[in-house]
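Accompanying notes for the structure given below.
The values are calculated or read from the model by the stated rules, or taken from the named source; none is laboratory data. Since we're looking at a predicted model, the values are computed, not measured. Using ideal geometry, Cβ is built from the backbone for each residue, glycine included, and neighbour counts are taken over all protein chains shown. These accessible areas exclude ligands, DNA and RNA; they are computed on the full protein's heavy atoms, side chains included. Shrake-Rupley method; radii C 1.70, N 1.55, O 1.52, S 1.80 Å.
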Amino acid sequence: MHNPSVMSFSVEPLNAETVVIRVGKALDFRNAAEFKAICQEQVQNGVRNFILDFSETGILDSTGLGAIFSLYRQVSPRNGQVVFASVSRPVQVVVQLTRTYKVFRQFPTVEAAQEALQQT
Amino acid sequence: MARYSILVVEDEHTLRRLLEYRLSKYYRVRSAANGEEALQLVLEEIPDLIISDIMMPKMDGFALQQALQSRKETRAIPFIFLTAKADEHSRMRGMRMGVDDYITKPFDIDQLLARIERLLERTKYFQSQLDARIGQDFSKKLMPKQLPSVPGYRLYFHNSPKEYGGGDFFDWTQHPSGSFFITIGDVMGKGLQAKFYAFSFLSYIRGTLYAMLQTSQSPAELLRRVNHVLMQDTVMEETFASLLILRWDPTTHEVTYANAGHCRPILVKDRQTAEVVEYSDLILGLDSNATFQDATITIPTGGGLLLYTDGLMEQRTASGEMLGEEGLCELAPQMVGAEDPVQTLLQGILSRCNTDTFDDDILFFWMERLS
């Protein structure tokens, strides 16, 4: 049987168009395909705003970042957004390096991100 | 060597347990009672081989195979159908869909084991042959065959990929005016796929640079054009790349650069001090409205410029932290005047780590202005 404890990501719908994805300890070459598949399913269900919760995340490599980029390219034509919440230090380093803070807005908490998304 | 992992998909409890039991002597086995469960397990970890029943509740074997075929990362998983359906129709349908083997119940378990082994061996053999050949071939094309010799400077290049390496690339070309265009970048992703994209990408950059030099010598303009293609061309849709392009004039010692999310160069001022070359813009392939700017620095006498990819900076030091730009700023000045600057930097980094090897692909280029 499928064991939920080995899953790296959990999805929490906020409304029909917005979900929170809790990124676990790592988003990297080992689980990027899984992340993509989960996001794909949400996009197909009409979700266009993604809040990524990085509070637990110690590893974000270039394959993982690539998976987030793919998501961004899917939702941006639909005026969707991908925003980062509770960004851990290792994630912050990657975001700084790639200058992607120019694209992904960052918020101190999931709640703050949610509030900002409701206003747009 | 790690054991192969096999996914068994079978709705009948007893048979599923039997297969699990027999296979687990040789393989890592996971099992699912229908196609839906199987898909979940495949997404968590891609198995080396799937053995599946056809008739199952929820999602049957045909639907599972179809779902696997629709994703590029699961398309090539070796697949054996195990079924009571002896009829030719099902067999043909399965084969057309990319099923590798077909065993009808009741079956001899030893025969099944032999077929699994043969299929895994064959897959492994093709994979390793292909990886090694393609990997080496592409690697050579992503790195310079030689470096220019430039009066007043000394230049060093070092590249040590892990296994077949990833999407790092480096290239240089000389403009008729005497200035050099240097390109360093990293196509996101791991392994052969990244390497393949890097190869196509570098060919594209070379072509674009050549065409652009007729009208403009601005690195930022080149980044704009390359980004435009990544955003428009559906073949390159899933390609994201960091790219740093520099125009270096060895007579004025000026370097004009534009940086799309690539690791920021380290400018060494003298044997003691170095600083990060700050300005950079967004990585390529993400935003069609991204803007890029040129910036200019001057390489001082007795100083130099260090270009590199992320493996160098992300190396873990003994404290568990990444070496980082700070670490490189501390170590890079030691390269000035060193007999072997490449070894000086490599040893300098490793002396801060608990290991004597690097975790990732290492690539750097060092240009030193002689005093």
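At a Förster distance of 45 Å, what's the computed FRET efficiency of A:E17 paired with B:Q174, Cβ-Cβ distance as r, to 0.05?
Details: r = 53 Å, r/R0 = 1.17.
Rounded to the nearest 0.05, the efficiency is 0.30.
Suppose all protein chains stay in the model; what accessible area per residue would a 1.4 Å probe give for the protein assembly as shown, in Å²?
Working: 22610 Å² over 491 residues.
Per residue, the protein assembly as shown has 46 Å² of solvent-accessible surface.
Would you mind telling me the share, in percent, of accessible area of the protein assembly as shown contributed by carbon and sulfur at probe 1.4 angstrom?
On the way: 11250 of 22610 Å².
Answer for the protein assembly as shown is 50 percent, counting heavy atoms of protein chains only.
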Original post:
Can you list the lysines whose alpha carbon is less than 29 Å from that of B:K25, not counting same-chain residues fewer than 8 positions off?
Top reply: B:K85, B:K105, B:K124
**OP:** Please sort by residue number the GluC sites (Glu not before Pro) in segment B:96-165 whose DSSP state is loop and whose Cβ has at most 12 other Cβ atoms within 10 Å.
**Re:** B:E163
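Which value, in square angstrom to the nearest 100, describes the accessible area buried between chains B and A on both sides, using a 1.4 angstrom probe? Before the final figure, lay out the partial values.
On the way: alone 18340 and 6730 Å², together 22610 Å².
Roughly 2500 Å².
Using a Förster distance of 35 angstrom, determine the FRET efficiency expected from the C-beta separation of B:D131 and B:R22, and round it to 0.05. If you can, show how the numbers build up before the last one.
Numbers: r = 31 Å, r/R0 = 0.88.
FRET efficiency, B:D131 to B:R22: 0.70.
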**OP:** Leaving ligands, DNA and RNA out of it, work out the accessible area of A:Y72 with a 1.4 Å probe and give it in Å² to the nearest 10.
**Re:** 30
**OP:** State log₁₀ I(q)/I(0) for segment A:4-119 at q = 0.12, 0.14, 0.17 Å⁻¹ as given by the Debye formula over alpha-carbon point scatterers of equal weight, solvent excluded.
**Re:** -0.36, -0.50, -0.76
Original post:
Farthest toward the dipole's positive end in segment B:310-371, which of B:S351, B:V336, B:F365, given Cβ charges of +1 (Lys, Arg) and -1 (Asp, Glu) about the Cα centre?
Top reply: B:V336
Subject >> Label-point separation, B:D340 to A:K102 (7 Å along Cα→Cβ), nm >> reply: 4.0
**OP:** Would you grab the residues whose amide H sits under 5 Å from the one on B:D359? Only those 5+ places off in sequence or on another chain, please, with H modelled 1.01 Å from N.
**Re:** B:R316
Subject >> Candidate lysines - alpha carbon under 19 Å from B:K140, same-chain residues fewer than 8 apart omitted >> reply: B:K162, B:K190, B:K195
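What ranking of B:T273, B:T83 comes out by heavy-atom accessible area, probe 1.4 Å, highest first?
Of B:T273, B:T83, the descending order of accessible area is B:T273, B:T83.
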**OP:** Would you list the P(r) distribution for the protein assembly as shown, with all Cα-Cα distances sorted into 20 Å bins from 0 and each bin expressed as a whole %?
**Re:** 21, 48, 27, 5, 0
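Counting other Cβ atoms within 10 Å, which trypsin sites (Lys or Arg not before Pro) in segment B:169-211 have at most 12 and lie in a DSSP loop? It would help to have the intermediate numbers written out before the result.
Details: sites: B:K190, B:K195, B:R206; in loops: B:K190.
For trypsin sites (Lys or Arg not before Pro) across segment B:169-211 that sit outside H, G, I, E and B with at most 12 neighbouring Cβ atoms in 10 Å, the list is empty.
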**OP:** Rounded to the nearest 10 degrees, what's the angle between the helix B:341-350 long axis and the longest principal axis of chain B, both from Cα atoms, 0 to 90?
**Re:** 50
**OP:** List the residues of segment B:183-223 whose accessible area drops by at least 30 Å² when all protein chains are present, compared with their chain alone, using a 1.4 Å probe and counting only protein heavy atoms.
**Re:** B:M188, B:G189, B:K190
Original post:
Once amide H atoms are built 1.01 Å from N in the peptide plane, which residues 5 or more positions from B:G303, or in another chain, come under 5 Å H to H?
Top reply: B:R369
Original post:
Using 7 Å Cα-to-Cβ label points, what is the B:L350/B:T291 separation (nm, one decimal)?
Top reply: 4.6
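How much length, in nm to one decimal, is gained on full extension between B:Y279 and B:R3, taken as 0.36 nm per residue of separation minus their Cα-Cα distance? Mind dumping the intermediate values first?
Details: separation 276, 0.36 × 276 = 99.36 nm, distance 4.75 nm.
Gain in length upon complete extension: 94.6 nm.
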**OP:** Could you check the simple spin-label distance between B:R206 and B:T301, using points 7 Å along Cα→Cβ, in nm with one decimal?
**Re:** 3.9
Subject >> Spread of Cα-to-Cα distances over 10 Å intervals beginning at zero, given as percent, for chain B >> reply: 5, 20, 23, 18, 14, 12, 6, 2, 0
Original post:
Using modelled backbone amide H atoms (1.01 Å from N, in-plane), which distant-in-sequence or interchain residues come within less than 5 Å of B:V9's amide H?
Top reply: B:A32, B:I51, B:S52, B:D53
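Within segment B:136-183, report the trypsin sites (Lys or Arg not before Pro) that DSSP leaves as loop and that have at most 16 other Cβ atoms within 10 Å.
Numbers: sites: B:K140, B:K141, B:K145, B:R154, B:K162; in loops: B:K145, B:K162.
Here the sparse-neighbourhood loop sites are B:K145, B:K162.
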